[in-house]
Amino acid sequence: MTGISLGAAFLMANSSIGPGFLTQTSFYTEQLLTSFGFVILISILLDFGAQINIWRAITLSGMRAQEIANQLLPGLGHLLSFAVVLGGFAFNIGNIAGCGLALNLLTGISFAKGAMLSGIIAILIFWIDEIGKMLDRLTKVLGIVKISLTLLIVYAANPPILEAVHHSFVPEQISLLAIVTIVGGTVGGYITFSGAHRLVDAGMVGPEHIPFVTKSASRGILISSFMRFILFLAVVGVVAQGVHLDKNNPAATVFESAGGRWGLFIFGIVLWSAAISSVIGASYTSYSFIKKLDIPYLHHERYAISGFILISTCLFIWIGKPKELLLFAGLINGFILPFALAIMLIASRKIPVLKQYKYPLWIEAAGWLVVLLMGSMSVYALIDTLTK
């Protein structure tokens, strides 16, 4: 049971630690310097408010998010599924692009060939073993690889750790946009459901499993937050030396500046690990939202997931630069978190199987705070996009 709990935590964490994770953290750290530590601290609290509420509702009921939504209002679950799958599909194209870039750095092969090879590897991973056990094992290994290699770069960058810790609690500057972006990148879209749906598939449902669910969700948040914090330290160390990050690939600049040629090689490994784990997480979670639909092809899990990855790979090769799709996906995922979280919070008061379990008031309040903050910022982003 502990293995499943930890596997679900790593699945959620690895889903959030993708190419966008590396870019966002590097970009905002260069802007806010050591005060970015405060953004990480606030994002942990908001992440906790979102994840605990969603994971508890899903595992208490034994139903996936879309099933809960349909019980609350017929058809609502189908709308949620459409949004999650569309956002996950678009982001998967970006994850495949990250795989292609990583293999280009590591081996010199073209982006397209790197993407094709990575797509084939991702598909084979789902065919090698029983999917649940594979996810639990692989996500742990990839998570440990990313964290261990990034710690080497932190050591080489020699960041001002005491100053970073101090400004994490007493910041010199605060960016609300950075907080919302980081929260959305950590638990937005399909990410917040990945670990919870894995627990449902493993049969960890009902009130008796709540302590394990809470522990698993907390572990997932801490794993992704720890990775973000050590990456933040590496960026601070490099920027403090007067290095300006490349706007197109800021994270690569950090690794190369700290470790030279070997640093760039390490970045290639970290990027590929981050991208392939996000491909796996996005594919598995997106499928979990459509597996119950009455469509014969979708009843075959491995075929459906393989098709999802194959189409994502082909579209990246065809489009080449998935920037527009990623922006579109980011806009969708910005709405998914407050939308889905609000559904779970309302369901906890309306659906009988959830009403019988009393949520601690502070957890519910934290959930509504995330809904308010993320919802308002998503509306602002939509208006800003439409008026440009």
Handout entry: Test result for residue 208, more than 30 Å from residue 58 (Cα to Cα) and among the acidic types (Asp, Glu)
Key = no
Exercise for the section: Among the residues of segment 98-121, count how many are farther than 20 Å from residue 266 by Cβ and surrounded by 24 or more Cβ atoms within 10 Å (Cβ to Cβ). Expected result: 2
Exercise for the section: Only one of these is crowded, with 18+ Cβ neighbours inside 10 Å and at pLDDT below 85: 145, 141, 154. Name it. Expected result: 154
Completion exercise
Note on residue 109: of the conditions (1) farther than 17 Å from residue 280 by Cβ; (2) assigned to a helix (DSSP H, G or I), unmet is (2)
Practice task
For residue 7, state whether it is more than 28 Å from residue 314 (Cβ to Cβ), open to solvent by less than 20 Å² (accessible area, probe 1.4 Å) and modelled with pLDDT under 80.
Solution key: yes
Problem - Single residue of segment 247-265 satisfying the filter (farther than 21 Å from residue 39 by Cβ and of a type in the set (D, E, K, R)) that is most open to solvent (accessible area, probe 1.4 Å) - result: 261
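Kindly indicate whether residue 1 is closer than 16 Å to residue 195 by Cβ, modelled with pLDDT under 80 and open to solvent by 10 Å² or more (accessible area, probe 1.4 Å).
Numbers: closer than 16 Å to residue 195 by Cβ: yes; modelled with pLDDT under 80: yes; open to solvent by 10 Å² or more (accessible area, probe 1.4 Å): yes.
Yes: the conditions hold for residue 1.
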Exercise for the section: Only helices (runs of 4 or more DSSP H) wholly contained in segment 158-246 count here; list those with 1 or more residues that are surrounded by fewer than 23 Cβ atoms within 10 Å (Cβ to Cβ), small (Gly, Ala, Ser) and touching a residue at least 40 places away in the same chain (Cβ under 8 Å). Expected result: 161-169, 210-239
Fill in the blank from the handout: With the first residue restricted to segment 296-315 and required to be of a type outside the set (A, V, I, L, M, F, W, C), and the second required to be at pLDDT 80 or above, Cβ contacts under 6 Å at 6 or more apart or on different chains are 306/123; 312/92; 312/93; 312/96; 313/96; 313/115; 313/119
Handout entry: Selection within segment 50-94 - open to solvent by less than 10 Å² (accessible area, probe 1.4 Å), more than 23 Å from residue 368 (Cα to Cα) and at pLDDT 80 or above
Key = 92, 93
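Taking residue 180, is it under 15 Å from residue 18 (Cα atoms) and at pLDDT below 80?
Values: under 15 Å from residue 18 (Cα atoms): no; at pLDDT below 80: yes.
So residue 180 fails the test.
The values are calculated or read from the model by the stated rules, or taken from the named source; none is laboratory data. Please read these numbers as outputs of a predicted model, since none were measured by experiment. So basically every Cβ, Gly included, is an ideal-geometry build from the backbone, and we count neighbours across all protein chains shown. These accessible areas exclude ligands, DNA and RNA; they are computed on the full protein's heavy atoms, side chains included. Shrake-Rupley method; radii C 1.70, N 1.55, O 1.52, S 1.80 Å.
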